[in-house]
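Novice: Dropping the structure in here first, questions after.
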Amino acid sequence: MKRTAATNRTQLDLATVPSAPYSKRALALLGDLLLLTLVGVISIWQLGLRLLDNYSDIAELALAWVFIALVPTAILIVMLVDTVRIGQTPGMAAVGIRSIYDGNAQRTLSTEDPRVPEPDIPALWRDVRMIRIAGQGLALVFVVAMLRWMFHNLIVRMDEVGLPKGFGFLNDPYGVALRDAPGLDGSAPVWEALLVGLQNTVMAAVVGIIIATVVGLFVGIARLSSNWLIAKGASIYVETLRNIPPLIVIIFFSAFFTYGPLPRFNRSNPPWQGTFFGSETNWIIVSRDRSAIPSLIAENNVTTFWLLVALAAIMAGAVWLWRTRYSETTGESHHRVIWSLGVFATLVVLFFLAVGQPYSWSWPAVSDNGRRVVGGFSTNSGYLSLTVGLGLYTASFVAEIMRGAILAVPKGQTEAATSVALKPSQRYRHVVLPQAQRIAIPPYISECANLIKNTSLGLAVAYPDLYLVAVTAWGINFPAPQLMLIVMIVYLVMNLIVSGLLNLYNRSIQIKER
């Protein structure tokens, strides 16, 4: 038992302190027994309910055994530890007695006597640290129990309506042909349809983020322009788009592409085709229903080529580090972007030629019946409506983020850049924006996450993204809980990847103190 100086000084005085009466000692013991009995009865009751009901759920029975075995044992251990540490249990504290060493023997004394010293350490059940740990443990148990309860209700309800509880349905035929997925018919399995939906979601998210970033950057800078017309125009753009629901923006662009001035796509009214001078090769096809641009087609040695591209990227990174160290050593300009991109582009071209041109160009053209596009990369009005609408809508928020980040850069930085005769474009590129991006990236990550999640609004314009594919499968009578779980996991993983990459970049540009 731990003895402090205060306890040692009072040992002589404790020799004359009368011991607590046996009635108080018995009452304290009775209080401790009642506490343990109450916890034990509750635990046995919880287990008994499940055993009497022939409950066979392993997780529920395991939770009941935790209550009947661990909880009373934990309380008993706390009482024993407190008896050794401070000579007091909950029952003894209730009747005002303590077990204390008086210099000769261990005695049970009444805490009402002023000569009995106060314990120098609190009881475990009154210790703030232990209360925090116990509270976190109870919160964890509560959350697990609630999740288990909801999962149990879900399983019971699925049994009632006859839905399968596994994921074997992913191999069943999807039964519906998807828009702009010519290689996928109704006999394709569900997982292939979900994969096509995932690809469409990624395409919409990537292009939307690019549009939002580029437009948002320029609009954010334009709002700070000294030109009244440019500043007011940027303000009108931001205040208009960010106060309209994104679904309305997407539907507006869908109406534009469907009923706007673009030509229709049929034999009597062919789409607009942009051709190269002196040839019949199209570089773009534009219409209300469909647009197309050139694309690459894989030929031979594609895997080898991409492995070599990865090697080129590693070598470009090495050149980046070399130019950085060269600049730090000599004080000259590093030009690491030009050097790295030059090395990377040169190596990629050489590798492309060395492996025998693994890709070839595919040019878009109108089919003989005048109703569809053959060759190239083609997309529909739903994709354009979703990506353009979400990109411009999110750009209004990105513009405000950039404007706030630029204003947060100390004014002295701009004045210093002006004093050395930097042009406005140079001032923004070399001084303001590098410092503003450290402030802008955290909220920019949130806007990227919002854009990725908002791609599910493609349902309104019949764009077959992941959510639309899952909802269609749900309507065909495939189990909705598993489909929604897959959709939630995919969106979660996509957002975590984007957030992780941007956070890594953010940490790399932060100022590091030496």
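The values are calculated or read from the model by the stated rules, or taken from the named source; none is laboratory data. Every value quoted in this text rests on a predicted model; they were computed, and no experiment measured them. When we count neighbours, we look across all protein chains shown, and the Cβ atoms used for this are built from the backbone with ideal geometry, even at glycine. Side chains included, ligands, DNA and RNA excluded: accessible areas come from the protein's heavy atoms. Shrake-Rupley method; radii C 1.70, N 1.55, O 1.52, S 1.80 Å.
Novice: Please report the carbon-and-sulfur percent of the accessible area for segment 81-205; probe 1.4 Å, protein heavy atoms only, DNA, RNA and ligands left out.
Specialist: 65 percent
Novice: Here is a further query. Per residue, how much accessible area does segment 127-254 have with a 1.4 Å probe, in Å²?
Specialist: 62 Å²
Novice: I've got another one for you. Using only Cα atoms, find the angle between the long axis of helix 381-408 and the longest principal axis of the chain, and express it within 0 to 90 degrees, rounded to the nearest 10.
Specialist: Tilt of helix 381-408: around 60 degrees.
Novice: In whole Å, what are the Cα extents of the chain along the three principal axes, biggest one first?
Specialist: 117, 73, 52 Å, listed from the longest principal axis down.
Novice: I've got another one for you. In units of 2.2 N^0.38 Å, what is the alpha-carbon radius of gyration of segment 131-207?
Specialist: Against the empirical 2.2 N^0.38 Å value, I get 1.77 for segment 131-207.
Novice: Would you work out the relative contact order for segment 68-150, in percent, from Cα pairs under 8 angstrom that are 6 or more residues apart?
Specialist: Relative contact order for segment 68-150 comes out at 19 percent.
Novice: Return the sequence-ordered ³J(HN,Hα) values of segment 308-316 in whole Hz as given by the Karplus equation 6.51 cos²θ - 1.76 cosθ + 1.60 applied to θ = phi - 60°, using x for Gly and Pro.
Specialist: 5, 5, 4, 4, 5, 5, 5, 5, 5
Novice: Let me have the relative contact order for the chain, percent, based on Cα pairs under 8 Å that are six or more residues apart.
Specialist: 15 percent
Novice: Now, a different point. Taking θ = phi - 60°, what integer Hz values does the Karplus form 6.51 cos²θ - 1.76 cosθ + 1.60 yield along segment 236-253, in sequence order, with x for Gly and Pro?
Specialist: Rounded to whole hertz, the list is 5, 4, 5, 5, 7, 6, 6, 9, 10, x, x, 5, 5, 5, 5, 5, 4, 5.
Novice: Now a separate question. Pull up all non-local amide H partners of residue 107: gap of 5 or more, or a different chain, and H-to-H distance under 5 Å with H placed in the peptide plane.
Specialist: Excluding prolines and chain starts, which carry no amide H, the hits are 100, 101, 102.
Novice: Which residues make up the longest stretch of the chain clear of GluC sites (Glu not before Pro) that lie in a DSSP loop with no more than 11 other Cβ atoms within 10 Å, not counting the sites?
Specialist: So the longest stretch without any such site is 333-512.
Novice: Per the helix-only calculation at 222 nm, which mean residue ellipticity applies to the chain, given -39500 (n - 2.57) for every DSSP H run of n ≥ 4 and division by its residues, nearest 500 deg cm²/dmol?
Specialist: -20500 deg cm²/dmol
Novice: Any chance you could list the semi-axes, whole Å, largest first, of the equivalent ellipsoid that the Cα gyration tensor gives for segment 84-166, using √(5λ)?
Specialist: Value: 52, 12, 10 Å, ordered largest first.
Novice: Only Lys, Arg, Asp and Glu count, each charged at its Cβ (+1, +1, -1, -1), so figure out the dipole size of segment 423-514 about its Cα centre, rounded to 20 debye.
Specialist: 700 debye
Novice: Could you give the distance between the Cα centres of segment 273-329 and segment 21-44, to the whole Å?
Specialist: First find each Cα centre; the distance between them is then 78 Å.
Novice: Over all directions, what mean area does the Cα convex hull of segment 463-509 project, stated in square nanometres?
Specialist: Dividing the Cα hull surface by four gives the mean projection, 3.8 nm².
Novice: Continuing with the same structure: Spelling out what I want: for every residue of segment 97-110, take phi, set θ = phi - 60°, compute 6.51 cos²θ - 1.76 cosθ + 1.60 (Karplus), and round to whole Hz; glycine and proline get x.
Specialist: 9, 9, 9, 9, 8, 9, x, 10, 8, 7, 10, 9, 10, 7
Novice: Right, another one. Using only the alpha-carbon atoms, how far is helix 128-161 inclined from the longest principal axis of the chain? Give it as 0 to 90 degrees, nearest 10.
Specialist: Long axis of 128-161 versus the principal axis of the chain: about 60 degrees.
Novice: Quick check: the angle from helix 433-454's long axis to the longest principal axis of the chain, C-alpha only, nearest 10 degrees?
Specialist: 90 degrees
Novice: Here is a further query. Which value, to two decimals, describes the C-alpha radius of gyration of segment 290-420 once divided by 2.2 N^0.38 Å?
Specialist: 1.62
Novice: As an exercise, take the mean of 1/r over every pair of distinct alpha carbons in segment 252-351, invert it, and state the Kirkwood radius in angstroms.
Specialist: 17.9 Å
Novice: Report the one residue of 342, 388, 376 whose Cα lies farthest in the direction of the positive end of the charge dipole of segment 282-389 (charges on C-beta: Lys and Arg +1, Asp and Glu -1; origin at the Cα centre).
Specialist: 388
Novice: Taking +1 at the Cβ of each Lys and Arg and -1 at the Cβ of each Asp and Glu, which of 272, 458, 156 sits farthest along the dipole of the chain towards its positive end, judged by Cα position relative to the Cα centre?
Specialist: The residue sitting farthest along the positive end of the dipole is 272.
Novice: Let me ask something additional. Let me spell out the model: positive unit charges on the Cβ of Lys and Arg, negative unit charges on the Cβ of Asp and Glu, origin at the Cα centre of segment 117-170. What dipole size does that give, in debye rounded to 20?
Specialist: In debye, rounded to 20, segment 117-170 gives about 200.
Novice: OK, next. Using modelled backbone amide H atoms (1.01 Å from N, in-plane), which distant-in-sequence or interchain residues come within less than 5 Å of residue 289's amide H?
Specialist: 265
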